[in-house]
Every structure is written in C-alpha cells, then in structure tokens.
Amino acid sequence: MTRMDNQAVSPVVGVMLMLVVTIIIAAIVSAFAGGLSESNDKAPDVQITGGYSQSHGFWIENEGPEDISTASTTVLVRLSDSFGNAEHMVWSVNKTSITNSTKDADANRWLKAGGYTGIKSFTVGDRAYVLPPYHNHSFLQPNMDSKSSVYYLDNPDNIGRSFWVELTDKSGKIFAKTKIKIEP
C-alpha cells in the first residue's frame, strides 16, 4: 500500500479565493459600467445680469466667464416673493422671442420660426433681449387668465416688484440666476 502525499488547499481557503476573485471582477465591471453612464457635460460657469421695462421689454447680459449654447439653454421667468406667495409660478421664455440685437431682431433670434437654429451662442458680453410685445403677459405668462392680472409683469401695479431670470441646461439644472426689478 502506497501512501499518497496530497498537498492541496483546504476547501475553506479555496472558497475564499474564489470569492475574492469574483468580487474583484465585479468591481472592475461596475467601474466600467458606472463610467459609461455618467455624462461629461458640466454646467457652464456664467454670471448674468438683467433689466425689465414695461415699455421696452427685458434683457439679460452674459457677464462670463464662459459662452453658452443657446440650443441647450432654457430661459425661465420665476416670480419672486415680492408677489406674495407666488414663487411656484414659472414660465419658459420662447426662444423665438429672444434676440441678440434690437436692430435686426429677426436675423438675430436664438431660435428662428419653424424651429430653425438661430444664434448658436450667447457669448460673454452679449445682451439678449425680449422685445415688445414679447415681454408682456400673453407671451411670458400664457396660461394666466384675466383674473390673475396681479401676476402680469406688464401690470402697472407691479412696478417696483421683482422676478428671477434663470438659465437652465438640457437636464433642467439652473446654472445662472439673476433678480430683476420691474421698471415703468
């Protein structure tokens, strides 16, 4: 009878080694899958200012330090607490009413009629305008009825009150915001 000398790893150590290898493979797969789902798009670094006149419309200016894409930017108007409990009221400004020039407004719109691309970039130092009549309640607050005229930006009773202009990216994140006072 011959004696065999088997030197093998115990079953407990073998199971542990297989678990460690499995966990390492799972971590590698997870790292690759997690990296694929994240986007590299970061919100622009932009400061804006603005003004509103009931007779001349409103404007916002890009103070930099970065240019922004007009195609991926939405301009929102949100009432401030100066209107009472109305901070929940927010409207998206139609990009066909935003222009980078007061002289040839149609040629310089952010979005041209029919959905055609207009001005592609809101560059540092540019001023964008929402000119009359596009700054009044029927354009900026299209879902309001006549009973709610208290919230119309062009209501003379609202001179001195303020609202927020917010710029959002495609995902809806606000990346720039300014408070604007209503002037006559």
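Go through the residues of region 66-83 one by one and say whether even a single one is buried (at least 16 other Cβ atoms within 10 Å of the Cβ), out of contact with any Gly (no Cβ under 6 Å at 6 or more places or on another chain) and more than 21 Å from ILE180 (Cβ to Cβ). Looking through region 66-83, at least one residue is buried (at least 16 other Cβ atoms within 10 Å of the Cβ), out of contact with any Gly (no Cβ under 6 Å at 6 or more places or on another chain) and more than 21 Å from ILE180 (Cβ to Cβ). In the set VAL12, VAL21, only one residue is modelled with pLDDT under 90, more than 15 Å from LEU153 (Cβ to Cβ) and not assigned by TED's automatic domain parsing to the domain that holds ILE119; that residue is VAL12.
The criterion of at least 2 residues that are in contact with a Ser or Thr (Cβ under 7 Å, 6 or more places away or on another chain), closer than 20 Å to HIS56 by Cβ and of a type in the set (D, E, K, R) is met, among strands (runs of 3 or more DSSP E) falling completely within region 66-184, by 174-183. Scanning region 98-114 finds one or more residues that are without any contact (Cβ under 8 Å) to a residue 12 or more places away in the chain and of a type in the set (Lys, Arg).
The values are calculated or read from the model by the stated rules, or taken from the named source; none is laboratory data. All values derive from a computational prediction rather than experimental measurement. When we count neighbours, we look across all protein chains shown, and the Cβ atoms used for this are built from the backbone with ideal geometry, even at glycine.
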